[in-house]
Amino acid sequence: MLHLPSPRKWQEDAIKSWESNMSGIAKVVTGGGKTVFAGMCINKFISTGHEKVVIIVPTTALRDQWYSIMCNSWKLSIEHIATDRYEAINNDWKFLVLVVNTARELVSQVDTENTLLIVDECHRVASPVNRKALSGNWIASLGLSATPERQYDDYFRTVLIPNLGPIIVDYDYNQAYKDDVISPFILTNHLVEFTEVEAEKYRKFTISISREVGILKSQGLVTSEKLERLLMMRASVSKNAERRLPVAVSLIQSVLPRKTILFHESISHIEAISMVLKDFGIDCRTYHSRMSKKRARESLSLFVNNSIDVLLTCRALDEGFDLPDIEVGIVASMTKSPRQRIQRLGRILRKVDGKIAEIKTIHTIHEEEMLRTEASRLDSTTSIRWFG
């Protein structure tokens, strides 16, 4: 049996729902205790006489995090854990932790009828290619995600629920805050204006979008590749507004030496912010998908070990990154995806005694409605201030 901390109230309630059919999806805010809940489900499963567990994750970073938890927190023997293709085939494993790309190929070799399937960040495994990893008649299953519902398709209903089960618990930021599960936090939203050139680009895209919508309506259609492309191009104008950069630099200067992570949608922009900060004598690092593995690991290691106070990242750390002592999160640019927003907030709000987290969001007027909606949901939970 796994070594686990005392369960929280939501976990006690949810385990009763899960064990009735040994299936279901836990929709739990980042930092709310999803991994511990998975451990509780594993213990229930083992108590029925079974001992094989397959855990599927979307990234190698998350796979390594699971491995660390299993060895260091759950006190499992490394001899019982497999994490790659060779170990899966050749070792007598009890716990198999695989990135979904590998799981798609190996799942046919698993005795699913005697195995518990756990899918972390399960919304990532519903696509036509990735869902191959779910194949089989699993005797038990568990999905984990802060945001299991998918925004642009019906795969949550047609793929995730049939394979993993229905949502058995919905634990959001308001509940987590009331239960003292996440750190107290302050939200500040900072408005930036377009340049004249950006405003004109945005206006022209809006006109083109309006025309395309009219044509589609006349044809009885809702969307088209052209409309999707125009929407993305217009959104890019806002996400990459150049006045975000000086505001981001100013905000970082204002919060130092508190441990700070900045999110942006553009790799070139975080590299530009990095150069400006270094000109001011601020030691920082970037972390993104175009870096070599060696350089990326070095950046993350320096941040984790408190050798630097600032890490600038572009999407790469939206999921599967756990560092509770981050005090400030600056969202310099964002999509309109609720999933991305929840994941990024979760990176900052993990509980540490005495910590009051702060999330600073830089936005244009076209993103304000989304932030106002968020503010209305969180009004009883936190202090929210608007600038600009």
In region 214-254, residues that are more than 23 Å from the chain's Cα centre (by Cα), assigned to a helix (DSSP H, G or I) and of a type in the set (S, T, Y) total 3
Picked from region 52-62 (must be modelled with pLDDT of 90 or more and surrounded by fewer than 22 Cβ atoms within 10 Å (Cβ to Cβ)), the residue nearest to E113 (Cα to Cα) is K52
Reported set for region 4-58 where residues are out of contact with any strand residue (DSSP E or B) (no Cβ under 8 Å at 6 or more places or on another chain) and aliphatic (A, V, I, L, M) is L4, I15, V36, M40, I46
The correct count of residues that are part of a helix (DSSP H, G or I), of a type outside the set (A, V, I, L, M) and surrounded by fewer than 16 Cβ atoms within 10 Å (Cβ to Cβ) in region 175-207 is 6
Note: among A332, A357, just one is touching a Pro at 6+ places or on another chain (Cβ under 9 Å) and crowded, with 20+ Cβ neighbours inside 10 Å, namely A357
Picked from region 162-173 (must be surrounded by fewer than 16 Cβ atoms within 10 Å (Cβ to Cβ) and touching a residue at least 40 places away in the same chain (Cβ under 8 Å)), the residue nearest to the chain's Cα centre (by Cα) is D170
**Asked** Can you find even one residue in region 132-139 that is at pLDDT 95 or above and farther than 18 Å from V100 by Cα?
**Response** yes
Can you find a residue in region 157-173 that is at negative phi, basic (K, R) and in the same structural domain as S23 (by TED's automatic domain parsing)? yes
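The values are calculated or read from the model by the stated rules, or taken from the named source; none is laboratory data. Please read all numbers here as calculations on a predicted model, not as lab measurements. Please note: Cβ atoms are built from the backbone with ideal geometry, for glycine as well, and neighbour counts cover all protein chains shown.
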